[in-house]
Amino acid sequence: MECSRVKKCEVADCAYNASEICHAIAVTIGDSSNPKCDTYCLSAVQGGDIECMANVGACKVAACKFNMSLECQADEICVGYKENEPDCLTFQLS
C-alpha cells in the first residue's frame with residue numbers, strides 16, 4: 001500500500017506550508033466525523049522538511065469513500081479551508 005500524496009495545501013498560515021506545498025513528512029486527517037487536517041500548526045517557526053512533500057499518514061474519517069482501514073486510498077489529496085477549518089478537500093462520503 002502506498003501513501004496518498006498531499007498534492008496541494010491552500011492553508012497558507014500553517015507552519016508546514018510553503019508555496020502551497022505541505023512539507024510535513026506525513027499528515028493525519030480527521031476525527032470520527034470531520035475531515036480536518038490534524039497536522040495543521042499555527043507557528044512563527046517554519047516546520048517540516050523543505051525537501052519533502054507530505055503524504056497522508058492516517059485518515060480517521062471512516063465515512064470517506066477513499067478510506068480503507070483508516071488509510072487514505074486516494075492517489076492525492078488537497079487541503080484547504082472549509083468553514084474556517086483546514087480540511088481535506090478531497091473528502092467524499094461513501
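FYI, it's all coordinate maths here, none of it is from the lab. Keep in mind that this is a model prediction, so the values were computed, not measured. All Cβ positions, even for glycine, are placed from backbone atoms using ideal geometry, and neighbour counts span all protein chains on display.
Observations, loosely collected:
- Residues in the stretch 44-64 that are over 13 Å from the mean Cα position of the chain (by Cα) and either part of a strand (DSSP E or B) or surrounded by 13 or more Cβ atoms within 10 Å (Cβ to Cβ) (or both): 6 in all.
- Beta carbons closer than 6 Å, at least 6 apart along the sequence or on distinct chains, pair a first residue in the stretch 1-22 that is in contact (Cβ under 8 Å) with a residue 60 or more places away in the chain and more than 14 Å from residue 36 (Cβ to Cβ) with a second that is assigned to a loop (DSSP other than H, G, I, E, B) and not small (Gly, Ala, Ser) for 8/20.
- Of all residues making up the stretch 65-84, the number that are outside any loop (DSSP other than H, G, I, E, B) and acidic (Asp, Glu): 2
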